[in-house]
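Visitor: Take a look at the following structure, please.
The values are calculated or read from the model by the stated rules, or taken from the named source; none is laboratory data. Remember, predicted model here, so these are calculated numbers, not experimental data. We place every Cβ from the backbone using ideal geometry, glycine too, and count neighbours over all the protein chains shown.
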Amino acid sequence: MNITSTTQLVLVAVIFLVIGVVVAMAVMRAQRTKRLKERFGPEYERLVNEKGDQRQAENELEARVAHVNTLHIRPLTAEEVNRYALDWQKTQTEFVDEPLSALQKADRLIQEVMKARGYPVDDFDQRAADISVDYPELVTDYRGLHMIAVKDEEDKVSTEEMRQAMIHGRALFENLVSSQVQEEDLDQLDQKEKI
């Protein structure tokens, strides 16, 4: 073999290696996109549209997951679940006479439950981002509830819009309070029922 043939072989091998790396990267990107679309659903599309850049949106979604994984999210105790459920029922009852006030209370109650579970609650955008990791199908509705809840009385919001926001808020609330009750509380409840 002469030097020209060896150089050609090395060049062909390098070209195939580069093509292989490019194909592998494309496959990995496609798998990442599929995984994030499946996990985040409509939140994926919303963020891609908001950012205008798929890669930037995907980086943010992965950062959200990493952030939530650093949190110490805990299940509520049975006592907390009961207390929050009673608070929610009271808030729903108040909706009949004071819909905007009840919606504002519902928004605060959701925030309180999130705080009790271990989510940071100081910033709404961060709350929504965190919720999108664990409850991606509910985050859009949570944003809608919050947008209505922070409006002033002078802002015209129909009772139907507030009713829909309350229904959506209830779905998130129920998921937050019932997703996990501490195991020892369940054991205690089982023992009480046996007595």
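Visitor: Would you call residue 46 part of a helix (DSSP H, G or I), outside the structural domain of residue 176 (by TED's automatic domain parsing) and either in contact with a Phe, Trp or Tyr (Cβ under 7 Å, 6 or more places away or on another chain) or closer than 25 Å to residue 162 by Cα (or both)?
Guide: On the way: part of a helix (DSSP H, G or I): yes; outside the structural domain of residue 176 (by TED's automatic domain parsing): yes; either in contact with a Phe, Trp or Tyr (Cβ under 7 Å, 6 or more places away or on another chain) or closer than 25 Å to residue 162 by Cα (or both): yes.
So residue 46 fits the description; yes.
Visitor: Would you mind telling me which numbered condition in (1) assigned to a helix (DSSP H, G or I); (2) among the β-branched types (Val, Ile, Thr); (3) in contact with a helix residue (DSSP H, G or I) (Cβ under 7 Å, 6 or more places away or on another chain) residue 93 fails?
Guide: (3)
Visitor: On to the next question. Just to be sure, is residue 104 surrounded by 14 or more Cβ atoms within 10 Å (Cβ to Cβ) and touching a Pro at 6+ places or on another chain (Cβ under 7 Å)?
Guide: Working: surrounded by 14 or more Cβ atoms within 10 Å (Cβ to Cβ): yes; touching a Pro at 6+ places or on another chain (Cβ under 7 Å): no.
Answer is no for this residue.
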